[in-house]
Amino acid sequence: QVQLVESGGGSVQAGGSLRLSCAASGRTFSGYTMGWFRQAPGKEREFVAAISWTTRTNYADSVKGRFTISRDNAKNTVYLQMNSLKPGDTAVYYCAAKPTYDITPTNDYNYWGQGTQVTVSS
């Protein structure tokens with residue numbers, strides 16, 4: 001059974017940093033694209049970043065230059081380093097995986113984690 005487990009969320013003041021992790025288990029994720037999404041209260045889930053197996057990356061315009069996605073294929077883990085956080089980044093952050101090299105900002109992922117809360121105060 002495939003599992004994606006996020007960690008690293010929490011509360012931080014504006015301008016601060018957090019690093020999210022997503023540990024994948026249940027199968028090998030060779031060839032999989034991993035993505036991060038977020039959902040704020042009352043809003044739809046939105047794309048944040050994606051990274052292919054070959055480490056090609058894509059970011060939402062709202063996080064470019066502040067967030068960095070990376071992966072450790074040996075550990076089946078993907079990370080999201082978030083710097084210069086803003087109150088508008090407050091949301092539940094979800095990790096997702098799909099068996100393609102596609103890193104376009106779509107939400108057609110096969111597997112999803114349960115999410116981790118990120119709260120940024122002003």
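The values are calculated or read from the model by the stated rules, or taken from the named source; none is laboratory data. Here the structure is a predicted model, which means the values were calculated and not measured. Every residue, glycine among them, receives a Cβ derived from its backbone with ideal geometry; neighbour counts consider all protein chains shown. Side chains included, ligands, DNA and RNA excluded: accessible areas come from the protein's heavy atoms. Shrake-Rupley method; radii C 1.70, N 1.55, O 1.52, S 1.80 Å.
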Worksheet item: If contacts are Cα pairs under 8 angstrom and at least 6 residues apart, what is the relative contact order of the chain in percent?
Response: 36
Practice prompt. Among the aspartates and glutamates, select those whose C-alpha is under 16 Å from the C-alpha of LYS75, and discard any that sit fewer than 8 residues away in the same chain.
Written response: GLU6
Worksheet item: Once the other residues with Cβ under 15 Å from the Cβ of THR77 are scored (Lys, Arg +1; Asp, Glu -1), what is the net sum?
Response: +2
Response to the item:
The lysines whose Cα lies under 16 Å from the Cα of LYS64, excluding any fewer than 8 residues away in the same chain, are LYS86
Worksheet item: Once the Cβ-Cβ distance between ASP61 and SER121 is put in as r, and R0 is 25 Å, what FRET efficiency do you end up with, to the nearest 0.05?
Response: 0.60
Worksheet entry | Accessible-area composition of the stretch 33-122, carbon plus sulfur, in percent [1.4 Å probe] | 47
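Add +1 for every Lys or Arg and -1 for every Asp or Glu among the other residues with Cβ under 14 Å from the Cβ of GLY31, and state the total.
Values: positive: ARG27, ARG56, ARG71, LYS98; negative: ASP102.
Residues close to GLY31 contribute a combined charge of +3.
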Item to complete: In whole Å, largest first, what are the principal axis extents of the Cα atoms in the stretch 64-112?
Response: 33, 24, 18
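Taking only protein heavy atoms into account and a 1.4 Å probe, give the accessible area per residue of the chain in Å².
Details: 6060 Å² over 122 residues.
In whole numbers, the chain has 50 Å² accessible per residue.
If the convex hull of the alpha-carbon atoms of the stretch 37-122 is projected onto planes in all directions, what is the mean projected area in square nanometres? Walk me through the numbers on the way to the answer.
Numbers: hull surface 23.2 nm².
Reported value for the Cα convex hull: 5.8 nm².
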Item to complete: Within the chain, what's the longest run with no trypsin sites (Lys or Arg not before Pro) in a DSSP loop and at most 12 other beta-carbon atoms within 10 Å? Give the range, please.
Response: 65-122
Item to complete: Using Cα pairs closer than 8 Å and at least 6 residues apart in sequence, work out the relative contact order for the stretch 6-65, in percent.
Response: 21
Worksheet item: If one computes the Cα centroid of the stretch 1-53 and of the stretch 85-119, what distance in Å separates the two points?
Response: 5
Discussion item. As an exercise, identify the chymotrypsin sites (Phe, Trp or Tyr not before Pro) in the stretch 66-122 lying in DSSP coil whose Cβ has no more than 16 other Cβ atoms within 10 Å.
Written reply: TYR101
